[in-house]
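Right, one structure below, let's go through it.
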Amino acid sequence: MAVPIGEPPPPRSALTLRIVLSVFGLCLWIAAAVLFAVLGLPAGWVIAFCVLAVVAAVDLLVVARRKLSENS
């Protein structure tokens, strides 16, 4: 698509960056939950990290779906 001279290119979404950050968060929270569970630390922390991992997984699914619908 040609952009007229003097006009900025159309904006692009940062969905790929959000996918990378979601995967990083998912891995981080799963690792933290496993580590805290193995070390025998309070169960409240393990539950909190699991909840955060679920939030990261849901975010990953939502962003991946948006990216797929954007490309088609």
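Computed from the coordinates by the stated procedures, all read-outs in this text should not be read as laboratory data. From a predicted model like this one, the values you see are computed outputs, not experimental measurements. Note that we place each Cβ from the backbone using ideal geometry, even for glycine, and neighbour counts take in every protein chain shown.
From the list A56, A31, A37, exactly one residue is in a helix (DSSP H, G or I), small (G, A, S) and touching a Ser or Thr at 6+ places or on another chain (Cβ under 6 Å). Which is it?
The conditions single out A56.
Could you say which residue among V34, V51, V46 is within 21 Å of V63 (Cβ to Cβ), surrounded by 10 or more Cβ atoms within 10 Å (Cβ to Cβ) and out of contact with any Asp or Glu (no Cβ under 7 Å at 6 or more places or on another chain)?
V51
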